[in-house]
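The values are calculated or read from the model by the stated rules, or taken from the named source; none is laboratory data. Computed from a predicted model, the values in this text were never measured in an experiment. Neighbour counts are summed over all protein chains in view; Cβ atoms, including those assigned to glycine, are modelled from backbone coordinates with ideal geometry. Just so you know, the surface numbers come from the protein's heavy atoms only, side chains and all, with ligands and any DNA or RNA stripped out. Shrake-Rupley method; radii C 1.70, N 1.55, O 1.52, S 1.80 Å.
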Amino acid sequence: MQNFHLTLADISPTSASQMFISTDGVFNSRARVLGGGSSINAGFYTRASASYIKKVGWNDELVNESYPWIEKQIVHKPDFGPWQRAIRDSLLEIGVSPFNGFTYDHLYGTKVGGTIFDRSGRRHTAAELLATANPQKLHVLVHATVQKIEFDTSGKIPRAVGVMFKDENGNTHKATLSKIPESEIIVSSGAIGSPQLLLLSGIGPKKDLQKMNISVVVDNKYVGKGMSDNPLNTIFVPISNRTVKQSLIQTVGITKQGVYIEASCGYGQSTDSIHCDHGIASAEIGQLSTIPPKQRTLEAIHEYRRTKRNLPHEAFKGGFILEKIAKPLSKGEITLANTNIDDNPSITFNYFSHPADVAKCVKGIRMVEKLVRSKHFAEYTQYDQGMVEKLLNMSVKANVNLIPRHTNDTESLEQFCKDTVITIWHYHGGCHVGKVVSRDYRVIGVEGLRVVDGSTFNVSPGTNPQATVMMLGRYMGVKILRERLGKGAGV
Ligand SMILES: Cc1cc2nc3c(=O)[nH]c(=O)nc-3n(C[C@H](O)[C@H](O)[C@H](O)COP(=O)(O)OP(=O)(O)OC[C@H]3O[C@@H](n4cnc5c(N)ncnc54)[C@H](O)[C@@H]3O)c2cc1C
């Protein structure tokens, strides 16, 4: 858990994470490893709300069987420290109530959620769920990158028949479906990977495909469209007078104002300031929130790394209050930059292009200010004004944002939101239900192909999505098996 940011900062070709910078200028990461995001993420585990499940149209009973299937295997109760406790009590004091205790459920108020890190800080990932499979019927290829899906176009409707993939030595192979009519390909390459793979396989807007000399299998203008990333803004609270234990996300406030308040706490174990970090908000991973997005560059990260050793330890001691916008209305898109699947496509999220998102952020920052000024919070920090003044003067160098000075000025808060936007990596969309896939996740216009992952979401579920992405995997797996059994086919 302590090394969370190190994986994301590793930009070597063998890293488990692949950095991308959206055209907005925000640095981001995507998983490139078995287990997907669950192998590199911050671990917080929390379900979607009952109303979300109803709206999407999932079967309640199967949903309620599928979440616990995950939880029993890889989810833990967090080791709850003073920082997270202070945030919990302060959220309640400012009215983000009731307190719902430790729960996976999505309920208005304040709660403590689950985590895929165990008490010794060891990560448990979606890859572990494979342990329940029948090893006689499963082949896992960990270094296989699918280049494209292949179709038989001789019939009325194109039918997926296999995939072409490359191994770690760059050799090309084919995996072909058996002739059993129920055989199909299920793509789970995530919100960036799945639309990219469909586009490279000839499913997407005809004009864009032709520009890349890709033969059109299905002309669908919606592939890669409607992408969103929930904007995140953070406030750093220096804690100058006590030991701060590192934690990722544990406490959340689910507000009625359309924002989620979460908290993380940064400070490495090392006494060497080079190794101190801010965890989720580490500048090393491009969360350069004190520089407006368009000015964030790899050089800016290098510059930060160079000057980091000169920063006092106090700059790293403290916690972050995270403010995430639920259901952003700002939308973007993915388009191919080239035909190499290993390269990132061109990704745009258009953060804060919709005024409603800006208005939510302003409300959220005002709530954070209230929280920081609450009695419980003051009791916890025992605020040392001298140290705060010192930090205020160096917050830009330390790449942390303290509470904006003029929170009553809406215009400058709006600018603060736009200038300090970073990501919480909850990007979704690109293969929306009803547009790219049907309600049973079959790709529209072809046979034998489904997409089951976060690319199908219109709205990111819960305060954080991984529980529901994993649940959906189990849910659809059971559903498909039941359908096949219903038809009398072998499984
Ligand atoms: C740094 C980070 C922190 C996060 N923190 C949290 C958190 O604390 N809590 C939470 O709930 N959510 C968190 N998330 C979000 C969550 O992890 C993702 O929403 C979730 O993993 C998305 O699942 P997915 O299956 O849609 O895609 P992914 O998890 O991205 O999985 C896609 C998989 O497909 C593989 N792939 C892609 N293309 C190909 C190809 N062509 N051939 C073969 N394989 C391919 C990739 O290697 C990857 O394994 C975080 C995400 C990140 C990146």
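Which count do you get for residues in the range 438-479 that are open to solvent by less than 20 Å² (accessible area, probe 1.4 Å), more than 13 Å from the ligand (Cβ to nearest atom) and under 13 Å from residue 222 (Cα atoms)?
1
Can you tell me which of (1) assigned to a strand (DSSP E or B); (2) open to solvent by less than 30 Å² (accessible area, probe 1.4 Å) is the one residue 198 doesn't meet?
(1)
State yes or no: is residue 291 outside the structural domain of residue 457 (by TED's automatic domain parsing) and either within 16 Å of the ligand (Cβ to nearest atom) or not in a loop (DSSP other than H, G, I, E, B) (or both)?
When the stated conditions are applied, residue 291 does not pass them.
Which residue out of 65, 61 is free of Cβ contacts under 8 Å to residues at least 60 places away in the same chain, over 19 Å from residue 189 (Cα atoms) and not assigned by TED's automatic domain parsing to the domain that holds residue 169?
Criteria check complete, one pass: 61.
Kindly indicate the residue of the range 406-429 that is open to solvent by less than 10 Å² (accessible area, probe 1.4 Å) and not in a loop (DSSP other than H, G, I, E, B) and also farthest from the ligand (Cβ to nearest atom) among those meeting that condition.
If we take residues in the range 406-429 being open to solvent by less than 10 Å² (accessible area, probe 1.4 Å) and not in a loop (DSSP other than H, G, I, E, B), then 413 is farthest from the ligand (Cβ to nearest atom).
For the range 155-170: of the residues being part of a loop (DSSP other than H, G, I, E, B) and either open to solvent by 50 Å² or more (accessible area, probe 1.4 Å) or of a type in the set (Gly, Ala, Ser) (or both), which is farthest from residue 444 (Cα to Cα)?
169
Please indicate, with yes or no, whether at least one residue in the range 182-205 is over 29 Å from residue 345 (Cα atoms) and of a type outside the set (Ser, Thr, Tyr).
Yes, some residue in the range 182-205 is over 29 Å from residue 345 (Cα atoms) and of a type outside the set (Ser, Thr, Tyr).
Please find, among 326, 359, 337, the residue that is out of contact with any strand residue (DSSP E or B) (no Cβ under 8 Å at 6 or more places or on another chain) and among the hydrophobic types (A, V, I, L, M, F, W, C).
It is 359.
Would you check if residue 14 is modelled with pLDDT under 95 and either within 16 Å of residue 460 (Cα to Cα) or more than 8 Å from the ligand (Cβ to nearest atom) (or both)?
yes
Across the range 216-242, what is the number of residues that are within 29 Å of residue 282 (Cα to Cα), open to solvent by 10 Å² or more (accessible area, probe 1.4 Å) and at pLDDT 95 or above?
1
I want to confirm something. Restricting to the range 320-339 and keeping residues that are assigned to a loop (DSSP other than H, G, I, E, B) and among the hydroxyl-bearing types (Ser, Thr, Tyr), which single residue is farthest from the ligand (Cβ to nearest atom)?
330
Select, from 38, 66, 49, 29, the only residue that is within 16 Å of the ligand (Cβ to nearest atom) and within 13 Å of residue 474 (Cα to Cα).
Just a single option satisfies the conditions, and that option is 66.
Suppose we keep only residues that are assigned to a loop (DSSP other than H, G, I, E, B) and within 10 Å of the ligand (Cβ to nearest atom) within the range 171-195. Which one would you say is most open to solvent (accessible area, probe 1.4 Å)?
188
Given 89, 79, 24, which one is more than 15 Å from the ligand (Cβ to nearest atom), touching a Pro at 6+ places or on another chain (Cβ under 7 Å) and open to solvent by 20 Å² or more (accessible area, probe 1.4 Å)?
Step by step, each of 89, 79, 24 is checked, and only 24 is more than 15 Å from the ligand (Cβ to nearest atom), touching a Pro at 6+ places or on another chain (Cβ under 7 Å) and open to solvent by 20 Å² or more (accessible area, probe 1.4 Å).
Out of the residues in the range 42-76 that are among the small types (Gly, Ala, Ser) and open to solvent by less than 70 Å² (accessible area, probe 1.4 Å), which is nearest to residue 279 (Cα to Cα)?
42
Quickly run through the range 412-431 and pick out the residues that are modelled with pLDDT of 95 or more, over 19 Å from the mean Cα position of the chain (by Cα) and of a type in the set (S, T, N, Q).
415
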